[in-house]
Every structure is written in structure tokens, then in C-alpha cells.
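Following: one structure in C-alpha cells, then a few remarks.
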Amino acid sequence: FLPKKKKPRDCLINLKIQKENPKVVNEIDIEDLRSTNVCYCRCWRSKTFPVCDKSHIKHNELTGDNVGPLILKKKIL
Ligand code: FES
């Protein structure tokens, strides 16, 4: 028994963010971080991409996935 062959759309991670670009790349200068904690989206479902808006919670509930944000922490010296 072979699994059903997936259509290309079934394999997409990014469903709607900057689809006009051949590759989505975000560059952030660490020096520009204003708050001590900034969360960046890794689930590709955030409406404020590349910043996490907690959409990963709904995505995980619906799909059984376990994705979450990348959290950058700034040390206060
Ligand atoms: Fe994508 Fe939080 S919304 S990781």
C-alpha cells in the first residue's frame, strides 16, 4: 500500500505570505531591537509576519503540529 501522491499545494509551508517574491527573506539588525523579547514567526501563519501573532496556537490545534516562534532575548547590561 502506497500513500496517496501529494499535490504540490499540499507540500507548501508558506500559504500566502509575499507570494509575489521568489523567496521570502527577512533581515533584522540586532541593534535595532527595542524591547527585551521579540518573537519571530516560524509557522508562516502570522498576520504580522515576520513577527509572531500567536497564530501558531490555532495552527497547532487544527493540525496537531508543534511549531512555535523564535524568541530573541536582549540582555540588559
Ligand atoms: Fe507563527 Fe507564532 S504566529 S510562530
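So that you can scan it fast, the table gives a plain yes or no per residue for (1) touching a residue at least 24 places away in the same chain (Cβ under 8 Å); (2) loosely packed, with under 10 Cβ neighbours inside 10 Å; (3) in a loop (DSSP other than H, G, I, E, B):
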site	(1), (2), (3)
Lys4	no, yes, yes
Lys23	no, yes, yes
Arg34	no, yes, yes
Val38	yes, no, no
Trp44	yes, no, yes
Lys58	no, no, no
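I'm checking my understanding of the structure. Among residues of segment 60-77 that are more than 15 Å from the ligand (Cβ to nearest atom) and assigned to a loop (DSSP other than H, G, I, E, B), which one is nearest to Cys11 (Cα to Cα)?
Gly64
Throughout, read-outs are computed from the coordinates displayed, never taken from laboratory work. Not measured: the values here are computed from a predicted model. We place every Cβ from the backbone using ideal geometry, glycine too, and count neighbours over all the protein chains shown.
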